[in-house]
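Shown next, in structure tokens, is the structure this report addresses.
The values are calculated or read from the model by the stated rules, or taken from the named source; none is laboratory data. Just so you know, these numbers come straight off a predicted model, no measurement behind them. Glycine also receives a Cβ, built like all others from the backbone with ideal geometry; neighbour counts cover every protein chain displayed.
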There are 2 protein chains.
Amino acid sequence: MEAFAVPGLPEFEAGDDVATAIESACDLREDDVVCVASTIVSKVEGRTAALADYPAGPRAREIAARFEAQTGDERDPRFAQAVLEESTDLVMDEPFLLTETRFGHVGVNAGIDRSNTGGAELLLLPKRPSESAERIREALSVDVPVVVTDTSGRPFRHGQAGVAIGWAGMPASRDWRGETDRDGHELEVTVESVVDELAATANLVSGEGDDGTPVVVVRDWTFGDHEGSENLYRDLESDFVRQALREWSYEEA
Amino acid sequence: MEAFAVPGLPEFEAGDDVATAIESACDLREDDVVCVASTIVSKVEGRTAALADYPAGPRAREIAARFEAQTGDERDPRFAQAVLEESTDLVMDEPFLLTETRFGHVGVNAGIDRSNTGGAELLLLPKRPSESAERIREALSVDVPVVVTDTSGRPFRHGQAGVAIGWAGMPASRDWRGETDRDGHELEVTVESVVDELAATANLVSGEGDDGTPVVVVRDWTFGDHEGSENLYRDLESDFVRQALREWSYEEA
């Protein structure tokens, strides 16, 4: 397997054609997976915004006030409002905003960026990243999977790592259920989130700064002869961590 | 960057020399990172065990009984005892055992395996995986980083992905603090967990089944000119998710 950053891509703006830019910069092959940073998907889709677009409602003002009281740091209630409007579920509202975005990803601040935004105050995540991946995939001249990537913090572990937030042309996971190990025992580990692992690989190569390398091609990797699963995001019923967080209050801790 | 599974490795047993086996099977280069699955590290370190080694105490019996009452599935209280003895902190005890291992990793069942164990009932994680990584590293003839990998489930997201549990010869993370994006703004994302991303890459290549490919070489990847950080595991004070989980009870939910 090989992974390389597509060289010499331009700065992307609303309306730009990512697929054509990629194919102008490198020759894709049929065994490639194209990993595209969500930042450029958001930019071409015009997902920039200003704080003034989000007049703060009572909930956002309350969250911002509580945050300031606890941390001493200022928080713009309009930013909290933007996060709430991008989210369907508030998992934690202190000491930071952890929410479920409209497409199912649980992340801090609904993934809204304030750096590398192309000059805007806010850069929102793509509205439906798997549909974005599919659009890029359809515009490519080669039949390859496309993964839209972001970086995300993790409970229990320091730092951030690359994760997938959208994908097309391949399943999200390899399903090893029913397969056996070298001793002939059924495997305990059953579902491998390959799109997240591809995104982690892409992030290793591109780096957090994006540095003009927002697209990484993973070459000569195969999904293999396994069942696939389309689920990447847990639903609330099966996610005990999320259930616990919804009931937890920072002030009581 | 390139990643390949080291071909033709033997089945490992207690006392075997992993470094020599790797170098007999491939020529390492100075720009390599060697990723070794924790299963073989555990095997060569003799970390196999039997359920009979863990006579269940009252706590383990209570956990097993509660598990059976709630799920209808049988749980051997000796297995719960083994998990408790490998752990320093019980993060959740239902509906599954989530604990902090003695070296800081938070995982289900303290990472104790019951498949791909080389015939033993239980395969425990290495006692101090970073020391294991350092020992392998010192035994290699080339000066390269070594990462000991495992697979781990994640809150919020389906499936498992490769993660690092030990590392030597490189920092755990790249620290981008103070660096700027293309617009000249300071980056919001500050710490990139590169050892986890390397482990995810290795798992993409080796697959969950291990299939005789427990060692993956990542070639031609560079840490780059960044500060490094040695922290991979969050401590309890900074981990709000873990705080919430400790206070949460499945029965009340």
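Observations on the model:
- Of the residues making up the stretch B:131-171, just one is among the aromatic types (Phe, Trp, Tyr) and in contact (Cβ under 8 Å) with a residue 60 or more places away in the chain, namely B:167.
Condition check ((1) of a type outside the set (Val, Ile, Thr); (2) farther than 30 Å from residue A:24 by Cβ; (3) within 10 Å of chain B (Cβ to nearest Cβ)) across all residues:
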position	(1), (2), (3)
A:89	yes, yes, no
A:97	yes, yes, no
A:103	yes, no, no
A:107	yes, yes, yes
A:134	yes, no, no
A:146	no, no, no
A:155	yes, yes, yes
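- Options A:65, A:37, A:52: the member that is exposed (fewer than 14 other Cβ atoms within 10 Å of the Cβ) and modelled with pLDDT of 95 or more: A:52
- Out of B:47, B:29, one residue alone is more than 14 Å from chain A (Cβ to nearest Cβ), under 30 Å from residue A:222 (Cα atoms) and among the basic types (Lys, Arg). It is B:29.
- Of all residues in the stretch A:226-241, those being more than 18 Å from the chain's Cα centre (by Cα) and more than 9 Å from chain B (Cβ to nearest Cβ) number 4.
- Selection of the stretch A:165-202 for residues being at pLDDT below 95, at the interface with chain B (Cβ under 9 Å from one of its Cβ atoms) and either assigned to a loop (DSSP other than H, G, I, E, B) or within 14 Å of the chain's Cα centre (by Cα) (or both) yields A:176, A:179, A:181, A:182, A:183, A:185, A:187, A:188, A:189, A:190.
- Qualifying residue in the stretch B:139-158 (condition: hydrophobic (A, V, I, L, M, F, W, C) and within 22 Å of residue A:241 (Cα to Cα)): yes
- Residues that are surrounded by 17 or more Cβ atoms within 10 Å (Cβ to Cβ) and of a type in the set (Phe, Trp, Tyr), drawn from the stretch A:89-103: A:103
- Every residue from the stretch A:103-150 that is among the basic types (Lys, Arg) and more than 12 Å from the chain's Cα centre (by Cα): A:114, A:135, A:137
- Checked against the criterion of being within 19 Å of residue B:124 (Cα to Cα) and either more than 21 Å from the chain's Cα centre (by Cα) or crowded, with 17+ Cβ neighbours inside 10 Å (or both), the stretch B:22-34 has no qualifying residue.
- The selection criterion, being in contact (Cβ under 8 Å) with a residue 60 or more places away in the chain and aliphatic (A, V, I, L, M), does not hold for residue A:44.
- Qualifying residue in the stretch A:117-130 (condition: without any contact (Cβ under 8 Å) to a residue 60 or more places away in the chain, more than 23 Å from residue A:245 (Cβ to Cβ) and more than 10 Å from chain B (Cβ to nearest Cβ)): yes
- Residue match in the stretch B:99-111 (condition: closer than 15 Å to residue B:40 by Cα and of a type outside the set (Asp, Glu)): yes
- When the stretch B:204-226 is filtered for residues that are at pLDDT below 90 and surrounded by fewer than 16 Cβ atoms within 10 Å (Cβ to Cβ), the ones remaining, listed by number, are B:211, B:212, B:224, B:225.
- Enumeration of residues in the stretch A:118-150 that are crowded, with 23+ Cβ neighbours inside 10 Å and closer than 22 Å to residue A:80 by Cβ: A:124, A:125, A:126, A:150
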